[in-house]
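Heads up, the thing below is written out as structure tokens.
Quick note: the coordinates plus some simple rules give every number you see, no bench work behind them. A quick note: this is a predicted structure, and the numbers were derived from the prediction, not measured. All Cβ positions, even for glycine, are placed from backbone atoms using ideal geometry, and neighbour counts span all protein chains on display.
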Amino acid sequence: AVIRLLREHGFRGGRADQIVRRAREAFEDGAERARAALEELATRLATGLAAIVSVLDPELIVLAGDVPLAGGEPLRALVERELHTMTIPHPPLRLSSVDGNPVLAGALHLALGETREELFSSTVR
């Protein structure tokens with residue numbers, strides 16, 4: 001869907017993150033077609049987030065994955081602006097700084113912490 005959307009705005013590439021990165025670079029250079037493309041993408045992302053925010057009322061939303069990271073700060077700001085027009089809670093949006101799969105990294109971190117606690121907090125009598 002991301003590839004199709006950005007191709008409709010004249011951007012080309014084989015992967016969604018490549019095309020989004022090109023759109024972001026064009027946006028930063030002031031291209032109006034890039035602004036329109038990123039605004040439409042931001043509206044779609046914000047629409048999906050709005051349902052989650054309305055139910056869960058999170059304190060913070062962290063955008064992760066190839067597409068949001070390729071869109072960088074311009075896409076993050078557009079998604080946040082659009083989301084805040086759709087919902088009453090206005091959580092801040094941030095870009096993930098975790099490389100790779102942040103969900104997997106968090107799960108591994110939690111599992112290692114629990115394992116260390118279990119191993120080193122017990123005493124043998």
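Restricting the GluC sites (Glu not before Pro) of the stretch 7-73 to loop positions (DSSP other than H, G, I, E, B) with no more than 10 neighbouring Cβ atoms within 10 Å leaves 59. Span-like helix check, the chain: qualifying full DSSP H segments, with Cα axial length of 27 Å or more and mean Kyte-Doolittle of -1.0 or more, are 32-56, 102-121.
Computed over the alpha-carbon pairs of the chain, the distance histogram in 10 Å steps reads 13, 35, 28, 13, 7, 4, 1, 0 percent, short to long. Taking every alpha-carbon pair under 8 Å whose residues sit at least 6 apart, the chain reaches a relative contact order of 23 percent. Between 66, 57, 29, the Gaussian network model of the chain with springs among Cα atoms under 10 angstrom shows the greatest mean-square fluctuation at 29.
Most mobile of 105, 77, 31 per a Gaussian network model of the chain (Cα springs, under 10 Å)? Among 105, 77, 31, the largest GNM mean-square fluctuation belongs to 105.
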